[in-house]
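Asker: First, the structure itself, so that you have it in front of you.
The values are calculated or read from the model by the stated rules, or taken from the named source; none is laboratory data. Bear in mind that the values here come from a model prediction, so they are computed numbers and not experimental data. Positions of Cβ are generated from backbone atoms using ideal geometry, with glycine treated the same way; all protein chains shown enter the neighbour counts. Only protein heavy atoms, including side chains, enter the accessible area calculation; ligands, DNA and RNA are left aside. Shrake-Rupley method; radii C 1.70, N 1.55, O 1.52, S 1.80 Å.
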Amino acid sequence: MARGVFGGRRACLAALSAAGPRRSSYGRPVGQTGRVAATDETTTGPRPERVPAGQGPGPGADAGAGAESGPETRPGSGPGDPPGGGAAPAPASADARMPRWLPRAVVLVLALVACFQLGSWAFHQLIGLFVNILIAFFLALAIEPAVAGMAARGMRRGFATFLVFLGVFVASAGFVALLGSILASQIVELVEGFPGYLDSVIGSINDTFHTDVSRLEIQDSLLRSDWLQKYVQNSASGVLDVSATVLGGLFKLLTIGLFSFYFAADGPRLRRALCSVLPPAKQAEVLRAWEIAVTKTGGYLYSRGLMALVSGAAHYVLLATLGVPYAPALAVWVGLVSQFIPTIGTYLAGALPILLAFSVSPWYALYVLGFVVVYQQFENYVLQPKLTSKTVDIHPAVAFGSVIAGTALLGAVGALVAIPATATMQAFLGAYVKRYAVTEDGASGASGASGGRTTPSRGRRVRIPGLRRRSPR
């Protein structure tokens with residue numbers, strides 16, 4: 001009986017303390033009724049026995065059945081609990097709790113991947129525009145000396161740029177007109193002479209194989225053939241593709257022209273806008289790089305233009321002397337193509353005059369071929385070093401490698417801008433890379449070959465700071 005009473009009392013006190021005991025003014029725990037809560041030190045009597053799982057309550061448990069249902073599962077009521085009735089640590093749950101940083105990290109990774117994919121897609125869509133801007137920038141650098149010279153004489157920079165572009169347009173239109181006249185005349189001659197060529201071929205076949213073939217029968221069979229109709233249909237669709245290609249090329253030319261005009265006309269404003277976001281030390285470096293790029297690109301263009309003029313004049317004299325048709329147009333073709341198309345321009349330029357000279361006489365074609373080879377050697381070893389020594393001084397192997405690299409990166413455009421870009425980079429690196437004199441091996445070898453005797457070198461006197469030389473007594 002006494003055991004049940006004490007057990008019920010302890011259960012009630014434990015429930016009150018677990019419900020959130022408050023402290024009295026003396027620092028001791030107080031129950032909900034204001035009385036001091038009993039602890040293990042103030043409560044007398046033995047602890048109630050813990051009932052094992054699966055067994056019924058012992059004798060005297062009816063008095064505190066309602067109160068004992070709680071403390072059996074509460075911490076601090078067992079014999080192994082820490083002293084003072086403190087709460088034991090809760091057991092670890094089976095499912096680990098997710099870290100707080102994990103959702104943020106996942107969202108950040110997904111955002112970075114999305115931004116990378118979007119940037120890659122936008123770059124591939126705009127790569128054509130970037131190439132056009134690069135070409136326009138190099139063209140603006142090429143005409144910058146001419147525009148700056150006109151502006152220095154009092155002419156407005158925009159009007160000076162317009163005059164330069166007008167001259168370039170007139171020269172390009174004249175070149176295209178000359179080549180077009182050659183091509184159109186050759187096509188007309190081919191169409192007019194085609195029936196005669198066909199009759200001569202048919203006559204030689206009839207004489208050789210003893211056949212009786214007429215040109216009219218061949219024409220009728222060709223006109224009624226299925227493959228000719230399919231070819232005409234495919235050509236009709238091909239005309240649309242060619243028209244779209246031509247329009248796209250014209251739009252690219254217009255884009256390049258507009259950008260290059262703006263870059264050349266607003267060159268000083270563009271430099272100021274670029275340098276305004278840089279510190280003063282970096283501004284000087286940017287302006288220096290800009291001047292180097294203008295010097296090298298403009299020098300490359302003008303040196304090539306001068307060599308094209310000399311080459312065209314020399315080939316015109318030869319072609320006019322031999323009586324080759326279209327000598328002026330062929331001279332312009334040889335001069336421009338041989339100078340502004342790297343590496344293979346010489347061979348492309350010489351092929352057309354050789355073919356037209358062959359139509360006049362095979363010996364004339366041989367003469368033109370020999371002149372092209374000899375002039376190329378003269379240009380490589382005499383003319384080019386003198387003209388490009390102060391503008392674009394690049395080793396031939398470096399120039400060839402830069403052309404290959406530019407072609408691999410940007411195609412024909414890369415081949416055109418590879419040499420001035422390489423010259424600009426070489427000049428920029430040469431301005432900052434410090435060079436040292438190379439020690440010749442002959443000086444060290446001469447000392448070893450003098451019988452093994454070495455002359456003693458005079459030692460230098462080293463003055464140690466803080467050490468005074470004593471005078472002899």
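Asker: Could you identify the single residue in Val403, Val332 that is touching a residue at least 24 places away in the same chain (Cβ under 8 Å), in contact with a Pro (Cβ under 7 Å, 6 or more places away or on another chain) and among the hydrophobic types (A, V, I, L, M, F, W, C)?
Answerer: After ruling out the rest, the residue left standing is Val403.
Asker: A further question on this structure: Go through (1) touching a helix residue (DSSP H, G or I) at 6+ places or on another chain (Cβ under 8 Å); (2) modelled with pLDDT of 85 or more; (3) of a type outside the set (Gly, Ala, Ser) and name the single condition Leu179 misses.
Answerer: The single condition Leu179 does not satisfy is (2).
Asker: In this structure, does Ser359 turn out to be open to solvent by 70 Å² or more (accessible area, probe 1.4 Å) and among the small types (Gly, Ala, Ser)?
Answerer: Yes.
Asker: Tell me, which helices (runs of 4 or more DSSP H) wholly within the stretch 362-430 include 3 or more residues that are open to solvent by 70 Å² or more (accessible area, probe 1.4 Å)?
Answerer: 362-378, 396-410
Asker: Oh, and also: Here is a check on your reading of the model: is Lys252 open to solvent by 30 Å² or more (accessible area, probe 1.4 Å), under 20 Å from Ala415 (Cα atoms) and touching a Ser or Thr at 6+ places or on another chain (Cβ under 7 Å)?
Answerer: Against the criterion (open to solvent by 30 Å² or more (accessible area, probe 1.4 Å), under 20 Å from Ala415 (Cα atoms) and touching a Ser or Thr at 6+ places or on another chain (Cβ under 7 Å)), Lys252 does not qualify.
Asker: Looking at (1) closer than 30 Å to Leu129 by Cβ; (2) outside any helix (DSSP H, G or I), can you tell me which one Asp212 breaks?
Answerer: (1)
Asker: So how many residues does the stretch 274-314 have that are open to solvent by less than 20 Å² (accessible area, probe 1.4 Å) and either without any contact (Cβ under 8 Å) to a residue 24 or more places away in the chain or in contact with a strand residue (DSSP E or B) (Cβ under 9 Å, 6 or more places away or on another chain) (or both)?
Answerer: Summing the residues that are open to solvent by less than 20 Å² (accessible area, probe 1.4 Å) and either without any contact (Cβ under 8 Å) to a residue 24 or more places away in the chain or in contact with a strand residue (DSSP E or B) (Cβ under 9 Å, 6 or more places away or on another chain) (or both) in the stretch 274-314 gives 1.
Asker: Going by the structure shown, is Ala184 at pLDDT 80 or above and open to solvent by less than 70 Å² (accessible area, probe 1.4 Å)?
Answerer: Criteria met by Ala184.
Asker: Does Pro385 satisfy the condition of being under 19 Å from Leu306 (Cα atoms) and within 24 Å of the chain's Cα centre (by Cα)?
Answerer: no
Asker: Please enumerate the residues belonging to the stretch 258-269 that are in contact with a helix residue (DSSP H, G or I) (Cβ under 9 Å, 6 or more places away or on another chain) and surrounded by fewer than 16 Cβ atoms within 10 Å (Cβ to Cβ).
Answerer: Leu258, Pro268
Asker: Also: Looking at Thr346, Thr295, Thr321, can you tell me which residue is more than 38 Å from the chain's Cα centre (by Cα), part of a helix (DSSP H, G or I) and polar (S, T, N, Q)?
Answerer: Answer to the selection: Thr321.
Conditions tested, residue by residue: (1) modelled with pLDDT of 85 or more; (2) under 19 Å from Lys252 (Cα atoms); (3) surrounded by 17 or more Cβ atoms within 10 Å (Cβ to Cβ).
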| site | (1), (2), (3) |
| --- | --- |
| Phe130 | yes, yes, no |
| Ala136 | yes, yes, yes |
| Leu139 | yes, yes, yes |
| Gly154 | yes, no, no |
| Phe169 | yes, yes, no |
| Phe175 | no, no, no |
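Asker: Anything in the stretch 336-367 that is aromatic (Phe, Trp, Tyr) and either touching an Asp or Glu at 6+ places or on another chain (Cβ under 8 Å) or without any contact (Cβ under 8 Å) to a residue 24 or more places away in the chain (or both)? List them, or say none.
Answerer: Selection gives Tyr347, Phe358, Trp363.
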